1. Distance in nm between label sites at residue 169 and residue 32, each 7 Å beyond Cα in the beta-carbon direction?
2. Taking other Cβ within 10 Å of each residue's Cβ, how do 20, 28 sort, fewest first?
3. Using 21 Å as the Cα-Cα cut-off, could you pick out the over-long pairs in 47/174; 157/208; 2/47; 2/174?
4. Note down the magnitude of the dipole of the chain about its Cα centre, charges +1 on Lys and Arg C-beta and -1 on Asp and Glu C-beta and zero elsewhere, to the nearest 20 debye.
5. Towards the positive end of the charge dipole of the chain, with charges on Cβ (+1 Lys, Arg; -1 Asp, Glu), say which of 183, 117, 45 has the farthest Cα.
6. Just 199, 15, 228 to compare: in a GNM of the chain, with alpha carbon springs under 10 Å, which one fluctuates most?
7. What distance in nm lies between label points placed 7 Å from Cα along the C-beta direction at residue 148 and residue 232?
8. Given Cβ point charges of +1 (Lys, Arg) and -1 (Asp, Glu) and nothing else, what value in debye, to the nearest 20, does the dipole of the range 1-128 about its Cα centre take?
Amino acid sequence: MKAIVSGHSKGLGAAIAAHLLAQDIAVLGLARQRNEALAQQYPALLKQAALDLGDNRALDAWLHTPALRDFLGEAHTVPHTVLLINNAGTVQPVGPLARQDSSRLAAAIALNVGAPLMLAAAFAAASEGAADRRIMHISSGAGRNAYAGWSVYCASKAALDQHARAVALDAALKTPPSLRICSMAPGIVDTGMQAEIRASDESAFPMKAKFETLKRDGHLATPQATAAQLVEYLLSDRFGTAPVADVRQLN
Ligand SMILES: NC(=O)c1ccc[n+]([C@@H]2O[C@H](COP(=O)([O-])OP(=O)(O)OC[C@H]3O[C@@H](n4cnc5c(N)ncnc54)[C@H](OP(=O)(O)O)[C@@H]3O)[C@@H](O)[C@H]2O)c1
């Protein structure tokens with residue numbers, strides 16, 4: 001089994017990568033920074049590519065190199081099961097329209113939407129020899145409910161949900177389905193992104209106090225616990241039965 005994980009350098013992505021590696025699953029991690037701790041622990045199983053996924057031109061250039069196919073293997077050597085976890089993302093820019101810097105906005109959409117869609121397409125093309133292909137987008141409750149200050153983030157996560165719904169329809173045209181996909185909300189997880197949310201200016205993000213309370217009262221999930229749930233579901237027979245799901249409603 002082999003897995004591609006974006007945003008494996010920290011937070012939820014690092015925990016997902018660690019969980020996969022602990023199960024002897026080879027991982028190709030894509031992020032701007034390397035994950036030295038996992039590289040030391042799993043020197044033979046972890047490969048890493050330093051990529052700014054907020055730069056879709058740079059990603060396109062990388063996708064035209066043999067890197068992805070080299071990792072997955074040639075058609076006759078592609079493992080039975082291959083996985084893509086589109087996890088890298090940003091909550092920025094936070095704030096109403098007139099305070100959204102256009103360059104940051106473009107980079108956020110490139111990272112949160114462009115990169116996962118480009119990786120999904122390239123993954124599908126490069127993994128054609130594999131019998132079992134699974135894609136998990138890491139979405140958010142913000143893709144399903146609107147929050148003041150998060151118009152860019154909400155729109156980008158809603159795009160992932162709708163992408164998964166349409167890709168699932170394409171996949172279902174083949175028997176058996178050509179791949180499985182799910183856009184998954186991971187719950188509220190104690191990562192750097194949550195610290196960034198709590199550091200928001202309250203005038204830009206009126207729900208800041210709610211997130212401070214959740215942290216203070218110990219209601220954030222650990223990245224490790226959430227990663228365990230996500231990987232268990234990803235590898236289960238149930239995966240792909242619903243194109244959009246929430247980790248808090250899996251049972
Ligand atoms: N934490 C939560 O409560 C929560 C809730 C709902 C959804 N999510 C979603 O879960 C996912 C992971 O979030 P997290 O909380 O783990 O955030 P995080 O701690 O900020 O980690 C983000 C990851 O994405 C990577 N990344 C960010 N910008 C990148 C870029 N330009 N190019 C390549 N990689 C980039 C980072 O790597 P580098 O900095 O090394 O590039 C890092 O590995 C995100 O999609 C987020 O929207 C999180």
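1. Simple spin-label model gives 3.6 nm for this pair.
2. By the 10 Å Cβ count, ascending: 28, 20.
3. Cα-Cα > 21 Å for 47/174; 2/174; rest within.
4. 260
5. Checking the options against the dipole of the chain, the answer is 183.
6. 199
7. 3.8
8. 300
Only the coordinates and a few stated rules stand behind these numbers; no lab work does. Note that the structure is a prediction, hence the values are computed from the model and not measured. Backbone-built Cβ (ideal geometry, glycine too); neighbour counts: all protein chains shown.
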